[in-house]
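A short worksheet on the structure shown next.
What follows draws every value from the coordinates through simple rules; no lab data is involved. Since the model is a prediction, treat every value here as computed from it, not as a measurement. Heads up, the Cβs are rebuilt from the backbone with ideal geometry, glycines too, and the neighbour counts pull from every protein chain shown.
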Amino acid sequence: MNSCVAIILAAGKGTRMKSKCVKVLHPLAGLPMLSHVINLVQSLQFEDVFVIVGHQAETVSQLVSEKKATALLQEPPRGTGDAVLQAKGALKGFQGPVLILNGDTPLLQKETIERFLATYEKENATLALMTVCLDQPEGYGRVIRHEGGRISHIVEQKDATTDERNVQEVNAGIYLCDADFLFKSLEKIEPNNQQNEYYLTDIVGMAVSEGVALLGFEARPEEVIGVNNRADLAKAEAVIRGRINHQWMMQGVTLIDPSQVRIDASVKIGRDSILYPGVSLEGETTLGEDVSAYACRIRDSRIGDHVIIKDHCVIDQAEVEAGAVIGPFAHLRPQTVIRKDAKIGNFVEVKKSVVGEGSKASHLTYLGDAIIGKDVNIGAGTITCNYDGQSKSETIIEDDVFVGSDTQFIAPVRVGKGALIAAGTTVTQDVPSGSLAISRVKQENRRDWVKKRNAQKKV
Ligand code: UD1
Ligand code: CA
């Protein structure tokens, strides 16, 4: 195969998205739409990958350089033909095929591009375009063919006659074109259309009139969905999620109901893990092997082997080591580490804390800025009072401590190894190891008090 370069068009605003955010940065399966396109092209190991940027150029360029591609500025964006022309200088002297893709067509697959390239070479084409027949061709440019079936030209929906609009074959916006022919033709394009734009699609008609070898390549409808509005975005999201879920099932992960599981493109999952309906795995999340996750949301977190995450948990930027059990209704916030075999039960919130191996906080507890050792029992209703309105302080609880229910730790405070905190205690000073800490108002029982009060009421 000849060496090849790619140009990705990403300068348009995406007016139909009605968004503050430029279209190509809208996320799909947790990654900006444009990342999917650049990742695809990078996987093909082309000589060079250029991305045409314009709207919000700075933000888009940042992504482009993170992805080791080259951004070229189109200012102002005057149409897809004008966009490709911006690469002329960068491609000076390049002889060979140029792959052109739209930044808003994120579902293309590597094998399809490989077949497209192979067919282009085999047919010795000068220009090839991907086409597809759609039941609902609205919004796309239509492929107009001569009576004999050969392609004549492309007409955009806005410029099409009623008859032309009835054509179901559309232009997918993916082309392979010989560099010389491409840039020669682009310079001849005129903005003679409803949108006053320089249409890249005009090079198809030019190829026909100049008699160069033109090839139509049929693509699969789901791969060439162009995202123009939020409905297209949701359609694309469904396709990509379906693919990701399928891929994890092939890798040995059970999804009880794939239609109710969301896994971002950057997530990793170990074998024999089971995902129940309502699981959402987001960002840079990793799950080990044999994890069971019920309806929950996990973002940018590391979950070890054999962990069980019960229903309605939110886990954000936290780490849960092997064998731990979390939830139901638990909230693990950033910088939380739950060590091996620990247990975090219902209505427990943990923030920036370490819960040691085998330790338990089973009910109704807030642990913030706490370091908790091994085999500690945290009773129901325990609260680390870590904030005095100005600054945060730490609570340190050493190994084997037993914390009775309804305890408050007024931080900073340290509890030594093996100490016992009596239920209802407000811990205001450090507790030496092995000691009992108890702070309660002594209970008084007033005999027949209720009877006397009731008698008074009647008078
Ligand atoms: C385009 C095609 C249409 C095809 C469809 C496939 C043209 C004129 N039309 O239409 O035939 O059916 O894609 O999805 O090419 N862009 C720039 N600079 C610009 C304008 C656009 O870089 O000046 C970029 C956009 O960011 C986008 C891509 O080019 O990623 C396509 O632009 P868009 O406006 O979405 O074109 P469509 O109307 O969808
Ligand atoms: Ca489009």
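Between HIS312 and GLN390, what's the calculated FRET efficiency when r is the beta-carbon distance and R0 is 41 Å? Round to 0.05.
Between HIS312 and GLN390 the formula returns 0.80.
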The chain - Rg and Dmax from Cα coordinates, angstrom: 31.5, 113
With eigenvalues of the C-alpha gyration tensor scaled by 5 and rooted, segment 17-62, Å: 21, 14, 7
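Please give the calculated 222 nm ellipticity per residue for the chain, where each DSSP H segment of at least 4 residues contributes -39500 (n - 2.57) and the sum is spread over every residue; nearest 500 deg cm²/dmol?
Mean residue ellipticity at 222 nm (helix-derived): -6000 deg cm²/dmol.
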Cα convex hull of segment 137-215 - mean projected area over all directions, nm²: 5.4
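Do the alpha carbons of any pairs in LYS20/LYS235; LYS235/LYS360; LYS20/LYS343 sit beyond 32 Å of each other, and which pairs?
Numbers: LYS20/LYS235 21 Å; LYS235/LYS360 44 Å; LYS20/LYS343 43 Å.
Pairs exceeding 32 Å: LYS235/LYS360; LYS20/LYS343.
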Difference of contour (0.36 nm per residue) and Cα-Cα distance, ASN124 to SER439: 104.6 nm
Reachable aspartates and glutamates, given that their alpha-carbon falls under 16 Å from the alpha-carbon of LYS451 and they are not under 8 places away in the same chain: none
GluC sites (Glu not before Pro) restricted to DSSP loop in segment 180-234 with at most 14 other C-beta within 10 Å: GLU187
Bins of 10 Å, starting at 0 and running to the largest distance - Cα pair percent for segment 356-443: 20, 57, 21, 1
Greater than 25 Å apart at Cα, pairs in LYS18/LYS158; LYS268/LYS310; LYS23/LYS158; LYS310/LYS374; LYS67/LYS110; LYS68/LYS88: none
Average Cα contact separation per residue, the chain, under 8 Å, 6 or more apart, as relative contact order %: 8
Sequence ranges 236-243, 324-331, ranked by mean other-Cβ count within 10 angstrom, highest first: 324-331, 236-243
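Can you list which of the trypsin sites (Lys or Arg not before Pro) found in segment 115-161 are DSSP loop residues with at most 11 other C-beta atoms within 10 Å?
ARG150
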Free-standing Cys, the chain [no other Cys Cβ under 4.7 Å]: CYS4, CYS21, CYS133, CYS177, CYS385
Gyration tensor verdict on segment 194-298 (Cα atoms; rounded if a/c is under 1.5, prolate if a/b is larger than b/c, oblate otherwise): prolate
Unit charges on C-beta of K, R, D, E only; dipole of the chain, Debye: 2700
Protection-proxy order for peptides 202-208, 441-447, 66-72, each taking the mean of Cβ atoms within 10 Å per residue, highest first: 202-208, 66-72, 441-447
Debye log10 I(q)/I(0) for segment 79-173, one point scatterer per Cα, at q = 0.14, 0.18 Å⁻¹: -0.65, -1.04
For segment 5-224, fraction of C-alpha pairs farther apart than 29 Å, in %: 20
